[in-house]
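This report refers to the structure that appears directly beneath it.
The values are calculated or read from the model by the stated rules, or taken from the named source; none is laboratory data. Not measured: the values here are computed from a predicted model. Please note: Cβ atoms are built from the backbone with ideal geometry, for glycine as well, and neighbour counts cover all protein chains shown. Just so you know, the surface numbers come from the protein's heavy atoms only, side chains and all, with ligands and any DNA or RNA stripped out. Shrake-Rupley method; radii C 1.70, N 1.55, O 1.52, S 1.80 Å.
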There are 2 protein chains.
Amino acid sequence: MRKFALLILLQFSMAAFCLAEDGGRLWLRYDKIEDAQKLDQYRAAVKGVLVEGSSATVAAIREELEMGLSGLLGESIPGLTEMQQEGTIVAGTPTSSPFIAGLGLDKRLEPLGEEGFLIQTGKFGGKKIILIAANRDIGVLYGAFHLLRYLQTNGDLGKLAVESAPKLKLRILNHWDNLDRTVERGYAGFSIWDWHRLPGYIDARYKEYARANASIGINGAVVTNVNANSLILRPDYLDKVRALADVFRPYGIRIYLTARFNAPMELGKLKTADPLDPEVRQWWKDKIDEIYTLVPDFGGFLVKANSEGQPGPQNYNRTHAEGADMLAQPLKAHNGVVMWRAFVYSGDVPVDRSKQANNEFVPLDGQFADNVLVQVKNGPIDFQPREPFHPLFGAMPSTPLMMEFQVTQEYLGQGTHLVYLAPMWEEVLDADTYAKGPGSTVAKVIDGSLEGHRLSGMAGVSNIGNDRNWTGHLFGQANWYAYGRLAWNPGLGSAEIAEEWIRMTFLNDPGSVEKIKSVMMASHEACVDYMTPLGLHHIMGAGHHYGPGPWVSRMSRPDWTSVYYHKADKEGLGFDRTPAGSNAVEQYFEPVRSRFASRESCPEKYLLWFHHVKWTDKLASGKTLWEALCLHYHHGAEAVNRMRTSWESLKGKIDEERFEQVDMLLGIQEKEAKWWRDACLSYFQTFSGMDIPDGLEKPAHDLPYYESLSFPYAPGIRPRW
Amino acid sequence: MRKFALLILLQFSMAAFCLAEDGGRLWLRYDKIEDAQKLDQYRAAVKGVLVEGSSATVAAIREELEMGLSGLLGESIPGLTEMQQEGTIVAGTPTSSPFIAGLGLDKRLEPLGEEGFLIQTGKFGGKKIILIAANRDIGVLYGAFHLLRYLQTNGDLGKLAVESAPKLKLRILNHWDNLDRTVERGYAGFSIWDWHRLPGYIDARYKEYARANASIGINGAVVTNVNANSLILRPDYLDKVRALADVFRPYGIRIYLTARFNAPMELGKLKTADPLDPEVRQWWKDKIDEIYTLVPDFGGFLVKANSEGQPGPQNYNRTHAEGADMLAQPLKAHNGVVMWRAFVYSGDVPVDRSKQANNEFVPLDGQFADNVLVQVKNGPIDFQPREPFHPLFGAMPSTPLMMEFQVTQEYLGQGTHLVYLAPMWEEVLDADTYAKGPGSTVAKVIDGSLEGHRLSGMAGVSNIGNDRNWTGHLFGQANWYAYGRLAWNPGLGSAEIAEEWIRMTFLNDPGSVEKIKSVMMASHEACVDYMTPLGLHHIMGAGHHYGPGPWVSRMSRPDWTSVYYHKADKEGLGFDRTPAGSNAVEQYFEPVRSRFASRESCPEKYLLWFHHVKWTDKLASGKTLWEALCLHYHHGAEAVNRMRTSWESLKGKIDEERFEQVDMLLGIQEKEAKWWRDACLSYFQTFSGMDIPDGLEKPAHDLPYYESLSFPYAPGIRPRW
């Protein structure tokens, strides 16, 4: 391993000049520490690595530590086979490492569970070392990545003492990847899963993917789209899944699949998919047993049923709970779970779409098997730039609810806008449902602590594709990174996560770190302002969801149009969800319900979500709705100008290739922010009948121009003939 | 530039250990020369680079020489601003370089034309230097790449004297890339053209693409599919095309587009696309003028008309010549050309498909405008593993004919088989048409020398995609490379081209070079043997063309089935194209016609292409057809075993990542070669009724098993819902 480490060290010391500085290395760069003092401190403290044990995970720990430390310290850090010297990093479990077993850490390790770890500098066995200990190998791997991050971000080795365990049990990426390699709502090229060449050809990216996820604590991947294809359950495809699982396993990533509810008919040629039919239940049991013979640590199924045309138990007059049970029973025997999505709404139902999930699922609380989680999107509509938290959180106390965040930026600029999503996620996680009085935050609902659930989890809809930089937009990597960190600990702050990522990805110089951080922290509010300020939602282009489309009014179902949501008229703007309207507010606990229901107490950021407001009504600022709307749209566009100016002041501090990548995209974002602003205001102006206030830039084109733009090949939907 | 060169040098000296050793650098690796003696010789001879001039191409020459030489020599080779010392590489034209102007090379440069170059070591102006001179900047760039290749392949600098000019004027890649980024018959991921983010986002790969093509003399790219989409002619898309052209221009790559014949209706809202309609002609003239305002060096149009459902002049009872003329006239004013494909055949016509191109085009000879080339596939059917040369070559003396080769391996193993195509291309180029007596080779037809045409060209259907290694299979790079080299000089040998590529891509150690070369040189015959030996053709799976499908008999048109081509029956096997059959042989000149028509003189490799042969007939070997067929199929599969064994003997000599990539794919190829063998023999056995000869491995499954396999998401066709 010494030779390997040396080569890697040379490679990394060159990395800054590498032609391949295309973002492909993500945040796992391990370039030589630039701060001379820190480098000296680290070199003094780290002389070698002792990782005892023989599992595949232990091998991964050894490889990562030797590669990472050799790169960061700019000198070969050898792997040791026994304790020799001071300055050894000892990593392992009491089972794998006699040395660690001898330290009697059982009391400290016990509360850390299966995935937690402790890191401690100090004298052990009489020698000054750095200890990474855990109950299981995977915990040690997480600890190793934590230590490497600590050095990448120039932490102080002197006083290092960490005990960390994940707050959530399931930390999962959902890939909306189709078997033809298109990715629904994917903006980073196409699927990284090369199904056609699996299992014979193992793309080097599969391991890189597993490493990157393990480095942020993600422990599961649903590799197929929720709009499911039963073909993935065919034996030849299951063997491909087996090959992927074999690559993921050492990194603690369990593989999950989406189950197409009528697979017993499509694949098994049965006459029904009725979840209470014995033949159907047997088919699923046999299929699940077949999967486990190939993938002994298979995680289970994610199911989208009776939603947007997907088949489900309701086709047979059965409930979601009955449908989930059919899969949950045979999975339970193998320690597998079912993640059942609550994202259901019917085009025929006249009820406000935002209310339908609660209407369908609250009555089922308590009827789900105990290895079923109900997966709920952060808000009641669909991943809009800003939504109030979903009213299901807190409303199903007997059922473990899983959070579904969307990491891919379907509604937040897709592949070209720099929008750091963690502040939006933080807003939701910190929201108080009052389900059991004050302090019943969404975070406590999903981590299981509010009701004491054994199962807990978070799902992130992946933004990963086969682009060289993984996420299309380099800053999309920050959203992947932040998602994983929040899934490990929903209590982390979005700003501290941003700083970690910046220091690992770009540089450690404090001034530059602050600049990039302020760009990131301002980006979400900017996007809300230039797309959907004041609680507006779902006014994007139809189908591909690219660009503004407030005029969209003719779709196969009304709740897919924009006019359904903004309700603009001569009077005013906004969706009345008070008791006078759809009364969606009734689904929230008091005092949230009354706060949202009252025009006075409703937070302005949700104003048009819950209220239809007159154009001439005054807001807190004293401005009329129309004036405030115009100002928000303009502030959004101006904020993007500032983001770009700030980024360009970093020229020379960041390698040219990545600097240019981001700068070009900020140029596009500037144009598109103005496009959103001018198109939306031109449209709403036809209702308000008022001029855009003096001093504000007027739209560059007239409304018919904006309505005429077409993008038949915008990415993220399946290509068509 | 010194600093840059130094950094690059460091980077390249590390490249062998680069984590990104994924094939992305193609053959332009510029790693430090390993042969110590050669390195000394080169270092002694090369001290600096003098490239005078200020054009974008001159800048590219300077960058390439300084980067390449610094990498190869392992020391910084500075860019100079004036002649100083011995050991300077001087590159330029008499126009750009006063020094070169002073050498009075006009007589030697004159015959080299616009793209040729000369390289000469020796004393000039009293100093021992290396001279790269040409009439135009682009010629100098070609010379620079030639010199770099010479060093990469460890040539002897002592006696370097080269004069080289391309034999063909148009050396073009045809991208069958759709605007949704799917690639028809693409097996290397998806399109590298990110149309959605153009023109604002310039992917770094666009320049890498242009560099790679310039390095092998390719000077044009048709960036859109021959199954054309008129949207590419919409102003917003033309601005994206403009952005690509700006990146390509310094590297001498002209951009071309495919013209959808009814674009005046789809885009211009006209009522007709009749090529004789004045409004239609005006629409095209205006569109062409619009293109040239954005892309002043636009190359012209490639057109697939009245073929496989594409619209064309015949929809209006006009001829191909009349259709081409409509586009040729306005293009002529801008020095643009039309490439009109001869790949036409009608499902309704009962005539043998292999005859239809000649039937339609020979009568039109002499009717095409003088800036039109007719583009002809190498064989009369469709890029099969082996076809006789297309009878159009030599049959249209008054029309410049362009060769269309398929670099992507639609019928030769797609993304998983190592098949070096140059020997197949060489076979066609060397074939003698006897159009004007012996020596009228296909090469002389397409280079224009046989009839003295001003225009000449070769088109290669690209195998490039967004996979990290560009071509999916690492050895697909060799086909891209060889295509470019043959387009520059159709007289080059496939073996010498293979050796160049191996030395540039992998290593220079003679033993290993020979091993890899023998693998490559054996690969095409092996593929023919395990897929379609003895002149069999078009027996692959339907639609995706993946895997064997000799049983395919039900398609929307008979000439898309396999049974149409192999004509297997109880009697025997093969398509009778003699006068007793379709008489396709009549389209060849004597003595070729008689040689193909006679069962005795017909080369065995074309036997079943031209003859229906009894199962019991004896071949030259004394074996019956059935025995010979079985032996060919088995030899093919065994050859792949040998290829893999030979490759694996190189373990340790080639970096692990690329070694593994190829080894995994050879494993797949081994399986698929047996699959082809066993499926085809099991099928043909149902007609011959004979056993597979003793000593030959029997099929692993029965015929129904092979017929039951389905691959709904095999790559290369547009994904479907």
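Restricting attention to the range B:627-672, and to residues there that are more than 14 Å from every other protein chain (Cβ to nearest Cβ) and assigned to a loop (DSSP other than H, G, I, E, B), which single residue is least open to solvent (accessible area, probe 1.4 Å)? Of everything passing the filter in the range B:627-672, B:LEU650 is least open to solvent (accessible area, probe 1.4 Å). Within the range A:199-211, the set of residues being more than 10 Å from chain B (Cβ to nearest Cβ) and of a type in the set (A, V, I, L, M) comprises just one member, A:ALA210.
Looking across the range B:519-542, just one residue is at positive phi and of a type in the set (A, V, I, L, M, F, W, C), and that is B:LEU534.
The condition of being modelled with pLDDT of 95 or more and under 30 Å from B:TYR206 (Cβ atoms) holds for A:LEU26. When each of B:LEU421, B:LEU429, B:LEU401 is tested for being open to solvent by less than 20 Å² (accessible area, probe 1.4 Å), closer than 19 Å to B:GLY535 by Cβ, touching a helix residue (DSSP H, G or I) at 6+ places or on another chain (Cβ under 9 Å) and away from chain A (no Cβ under 14 Å), the lone residue that passes is B:LEU421. Pairing residues of the range A:609-628 that are farther than 22 Å from A:ASN583 by Cα with residues that are part of a loop (DSSP other than H, G, I, E, B), at Cβ distances under 6 Å and at least 6 apart in sequence or on separate chains, gives A:THR624/A:THR616; A:LEU625/A:TRP615; A:LEU625/A:ASP617; A:TRP626/A:TRP615; A:TRP626/A:MET690; A:GLU627/A:PRO693; A:ALA628/A:LEU619. Against the definition (open to solvent by less than 10 Å² (accessible area, probe 1.4 Å) and part of a loop (DSSP other than H, G, I, E, B)), how does A:ILE218 come out, yes or no? Against the criterion (open to solvent by less than 10 Å² (accessible area, probe 1.4 Å) and part of a loop (DSSP other than H, G, I, E, B)), A:ILE218 qualifies. Selection of the range B:542-561 for residues being out of contact with any helix residue (DSSP H, G or I) (no Cβ under 9 Å at 6 or more places or on another chain), free of Cβ contacts under 8 Å to residues at least 40 places away in the same chain and crowded, with 19+ Cβ neighbours inside 10 Å yields only B:THR561. Looking across the range A:321-342 at every residue that is open to solvent by 20 Å² or more (accessible area, probe 1.4 Å) and part of a loop (DSSP other than H, G, I, E, B), the one that is nearest to A:ALA584 (Cα to Cα) is identified as A:ASN335.
For the range A:673-721, a tally of residues being on the phi > 0 side of the Ramachandran plot and within 14 Å of chain B (Cβ to nearest Cβ) returns 1. Taking the numbered list (1) touching a helix residue (DSSP H, G or I) at 6+ places or on another chain (Cβ under 8 Å); (2) closer than 29 Å to A:ARG197 by Cα; (3) more than 14 Å from chain A (Cβ to nearest Cβ) in turn, B:ASP289 passes all entries but (2). Summed over the range B:239-261, the residues that are over 17 Å from B:LEU173 (Cβ atoms) and touching a residue at least 12 places away in the same chain (Cβ under 8 Å) give a count of 8. Applying the condition of being modelled with pLDDT of 95 or more and polar (S, T, N, Q) to the range A:121-153 and asking which residue is surrounded by the fewest Cβ atoms within 10 Å (Cβ to Cβ) yields A:THR153.
Exactly one residue out of A:SER708, A:SER688, A:SER646 is out of contact with any Cys (no Cβ under 7 Å at 6 or more places or on another chain) and free of Cβ contacts under 8 Å to residues at least 40 places away in the same chain, and it is A:SER708.
For every residue, the table says whether it meets (1) without any contact (Cβ under 8 Å) to a residue 24 or more places away in the chain; (2) crowded, with 21+ Cβ neighbours inside 10 Å; (3) touching a strand residue (DSSP E or B) at 6+ places or on another chain (Cβ under 8 Å); (4) within 16 Å of A:LEU147 (Cβ to Cβ).
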position	(1), (2), (3), (4)
A:ALA56	no, no, no, no
A:ALA60	no, yes, no, yes
A:GLU64	no, yes, no, yes
A:GLN84	no, no, yes, no
A:THR88	no, yes, yes, yes
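B:LEU151 meets all of the listed conditions (1) assigned to a loop (DSSP other than H, G, I, E, B); (2) more than 14 Å from chain A (Cβ to nearest Cβ) but one, namely (1). Entry remark, the range A:234-244: residues being away from chain B (no Cβ under 14 Å) and open to solvent by less than 10 Å² (accessible area, probe 1.4 Å) number 3 in total. Checked against the criterion of being assigned to a helix (DSSP H, G or I), over 16 Å from A:ILE172 (Cα atoms) and either free of Cβ contacts under 8 Å to residues at least 12 places away in the same chain or in contact with an Asp or Glu (Cβ under 8 Å, 6 or more places away or on another chain) (or both), the candidates A:ASP236, A:ASP289 yield just one match: A:ASP236. Checked against (1) of a type outside the set (Asp, Glu); (2) on the phi > 0 side of the Ramachandran plot; (3) open to solvent by 10 Å² or more (accessible area, probe 1.4 Å), B:THR441 passes all but a single condition, namely (2). Based on what the data block shows, is A:ASN213 open to solvent by 10 Å² or more (accessible area, probe 1.4 Å) and modelled with pLDDT of 95 or more? Judged against the criteria, A:ASN213 is not a match.
Number of residues in the range A:679-697 that are in a loop (DSSP other than H, G, I, E, B) and either over 17 Å from A:TYR633 (Cβ atoms) or in contact with a Leu (Cβ under 9 Å, 6 or more places away or on another chain) (or both) equals 4. Restricted to the range A:154-197, and to residues there that are small (Gly, Ala, Ser) and either crowded, with 23+ Cβ neighbours inside 10 Å or free of Cβ contacts under 8 Å to residues at least 24 places away in the same chain (or both), the residue that is nearest to the other protein chains (Cβ to nearest Cβ) is A:GLY189.
Regarding B:ALA369, is this residue in contact with a helix residue (DSSP H, G or I) (Cβ under 6 Å, 6 or more places away or on another chain) and modelled with pLDDT of 95 or more? For B:ALA369, the condition - in contact with a helix residue (DSSP H, G or I) (Cβ under 6 Å, 6 or more places away or on another chain) and modelled with pLDDT of 95 or more - is met.
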